[in-house]
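A short worksheet on the structure shown next.
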Amino acid sequence: MKNLIWPGLIFLVFVASWVVGGWLQNGNDAHYQMMSIPPCDPATIQCTASFSDATLAIKFTAPVMVMKPFTVSVETDAALSSLHLMFQMKNMDMGMQRYALEQNKRGQWLTDVVLPVCSLGRSDWTLTLETEYKNSVWRGDLDFSAASLSNY
């Protein structure tokens, strides 16, 4: 009987760690979904993202140039928990470019952005939108170009 206690105890510890590990990986049980965003350049026109039963209208309120602040405006009728933007250059590490948008009294979500200069003079960017809506996290990407300092 004593010989069965240790293997049984080890088996219970293994099962418990497997269950707890699975629970920790799932976090808050958010379901990650992809937004539908037709190809569009938010630096030149308003773009639309669709997800669940909601849409977002995304636009930049000024011409986009590296090292110059511009505002990103997002409008929606959906009751979003949060809205974040991440900017990444394709195949180039430009550091963490993550912005939290704040909702104003008119319902617009806004943030001011400054994109860094690429030492190679590149300006091809991907904007990733991320929002929480109806217990899911929705993500979508938009590609755009920013004017580099060499363009002016």
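The values are calculated or read from the model by the stated rules, or taken from the named source; none is laboratory data. Please read all numbers here as calculations on a predicted model, not as lab measurements. Backbone-built Cβ (ideal geometry, glycine too); neighbour counts: all protein chains shown. SASA here: full protein model, heavy atoms, side chains in, ligands and nucleic acids out. Shrake-Rupley method; radii C 1.70, N 1.55, O 1.52, S 1.80 Å.
For every residue, the table says whether it meets (1) in contact with a Cys (Cβ under 8 Å, 6 or more places away or on another chain); (2) closer than 30 Å to residue 135 by Cβ; (3) part of a strand (DSSP E or B).
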position: 71; (1), (2), (3): no, yes, yes
position: 80; (1), (2), (3): no, yes, no
position: 87; (1), (2), (3): no, yes, yes
position: 95; (1), (2), (3): no, no, no
position: 106; (1), (2), (3): no, yes, no
position: 110; (1), (2), (3): no, yes, yes
Return the total of residues in region 48-69 being open to solvent by less than 40 Å² (accessible area, probe 1.4 Å) and not in a strand (DSSP E or B). 3
Residue pairs meeting the criteria (Cβ under 7 Å; at least 6 apart or on separate chains; first within 27 Å of residue 135 (Cα to Cα), in region 33-49; second open to solvent by 70 Å² or more (accessible area, probe 1.4 Å) and aromatic (Phe, Trp, Tyr)): none
In region 70-84, which residues are under 17 Å from residue 35 (Cα atoms) and either exposed (fewer than 14 other Cβ atoms within 10 Å of the Cβ) or out of contact with any Leu (no Cβ under 6 Å at 6 or more places or on another chain) (or both)? 75, 77, 78, 79, 80, 81, 82, 84
Of everything in region 115-142 that's open to solvent by less than 60 Å² (accessible area, probe 1.4 Å) and in a loop (DSSP other than H, G, I, E, B), which residue is nearest to residue 92 (Cα to Cα)? 118
What is the residue count in region 62-77 for residues that are hydrophobic (A, V, I, L, M, F, W, C), more than 17 Å from the chain's Cα centre (by Cα) and within 21 Å of residue 48 (Cβ to Cβ)? 3
Considering only residues that are of a type in the set (Phe, Trp, Tyr), closer than 20 Å to residue 54 by Cβ and free of Cβ contacts under 8 Å to residues at least 60 places away in the same chain, which ones fall in region 104-140? 109
Test: residue 78 is touching a residue at least 40 places away in the same chain (Cβ under 8 Å) and either closer than 16 Å to residue 139 by Cα or touching a Pro at 6+ places or on another chain (Cβ under 6 Å) (or both): yes
